[in-house]
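What follows draws every value from the coordinates through simple rules; no lab data is involved. Note that the coordinates shown come from a computational prediction; the quantities given were computed from them, not determined experimentally. Glycine also receives a Cβ, built like all others from the backbone with ideal geometry; neighbour counts cover every protein chain displayed.
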Amino acid sequence: MNMNGLNEMRALATVSDPRWAAVAARDPAADGRFFYSVRTTGVYCRPSCAARPARPENVAFHATAAEAERAGFRPCKRCKPDQPALAEQHAAMVAELCRFIEGADQPPTLDALAERAGLSSYHVHRVFKDITGLTPKAYAAAHRARRVRRELGRSETVTGAIYDAGYNSNGRFYENSNEVLGMTPTTWRAGGAGTDIRFAIGECALGAILVAQSERGVCAIALGDDPEALVRDLQDQFPQARLLGGDARFEQLVARVVGFVEAPGLGLDLPLDVRGTAFQQRVWQALREIPAGSTASYADVARRIGAPKSVRAVAQACGANHLAVAIPCHRVVRSDGHLSGYRWGVERKSALLQREAKRT
């Protein structure tokens, strides 16, 4: 076989390999999965390398960097495939910055974080948000919210808890206390004691359905087979609140929710009492914007909220949702279209999607 024929065979073998598409697209998501070498230059690279594209007949694929080096290739000086991937470096940097934020008495400034990371303020802000889904300022605020919830449970006074959590003044905390706690600090300290939550249980095509409402709005919608288990879960969610049975007016609210489950095309517009971190609330708002009859992947949702690398955090936020159908986490599926976990059972998730598909 002449050289031209050999090169054609090599090129065909390379182009037929699914890894070639990742190399041609310089796909950073493929970094770490494999490496490729270039026969004419003697180097090996990451799939995302920005160097001039190699001719396919000169390319070979390797499972690891060590395998490429055993084959006689040296690491590319541009993409440095023998070093941790840029995404890994960024993840490690952000993890260290998170620990720094959590250990600081006062939220550090963006300039302080940038100095610690050895990068510009703009770069740190962008990378931090890409990975965590939050800006450094929002992350610090969420951490302080967790601290104040913890301190309220063990401090002798509410004021002491507020200062121990890093707030400079009572006034600054009380300005945002309802967003942070969903109630006043004193009520939170008492475990929600004195908070009235009305609830009722109905029946729908998916089994038992529990709807609960605080003064702020609907705070829980749950599906299940055992009504008593649904009530126990509500008690666990609000351990010290006063749970009250729904009256006739409240039963109408339950009927609206049941009606939406049975006929999704009716729509469901309710005042909601949504309690979660800033990131969770961004995810839940994005879920409410997915039309009935449509689905989105976890990666789609991450991109919609401006945090494309936070797919796992998006999945966790979906799992933390307490408001079935009102916040439609059932419309989020895996990238391959298959259904994944659902708080109230994958079978119910499938049934909800089928009902919406038929009525749109």
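Taking label points 7 Å from Cα along the Cα-to-Cβ direction, residue 269 and residue 225 give a separation of 3.8 nm.
Please give the FRET efficiency for residue 243 paired with residue 347, using the beta carbon to beta carbon distance and R0 = 30 Å, rounded to the nearest 0.05. Efficiency computed from Cβ-Cβ geometry: 0.60.
What's the extension gain from residue 339 to residue 92 if we count 0.36 nm per residue and subtract their Cα-Cα distance? Could the numbers behind the result be given before it?
Numbers: separation 247, 0.36 × 247 = 88.92 nm, distance 3.10 nm.
Using 0.36 nm per residue and subtracting the Cα-Cα distance, I get 85.8 nm.
Subtracting the Cα-Cα distance of residue 294 and residue 235 from their residue separation scaled by 0.36 nm leaves 17.9 nm.
Which order, highest average first, do 314-326, 337-349 follow once you tally other Cβ atoms within 10 Å for each residue and take the mean per peptide? Don't skip to the end; give the middle numbers.
Numbers: 314-326: 21.5, 337-349: 15.3.
Result, highest mean Cβ count within 10 Å first: 314-326, 337-349.
Placing dummy labels 7 Å off each Cα toward the beta-carbon, the span from residue 52 to residue 64 is 3.3 nm.
Between residue 29 and residue 74, the FRET efficiency estimated from the beta carbon spacing at R0 = 35 angstrom works out to 0.90. Extension gain, residue 278 to residue 82, is 66.8 nm, computed as 0.36 nm per intervening residue step minus the present C-alpha separation. Amide H contacts for residue 219 (H built 1.01 Å from N in the peptide plane; partners 5 or more residues away or on another chain; cut-off under 5 Å): 212, 213, 214, 273.
Overall form of region 259-359: oblate. Here a/c, set by the Cα gyration tensor axes a ≥ b ≥ c, is 1.5 or more, and a/b is not larger than b/c. Here each label is just a point 7 Å from Cα along the line to Cβ, and for residue 13 and residue 251 those points are 7.6 nm apart.
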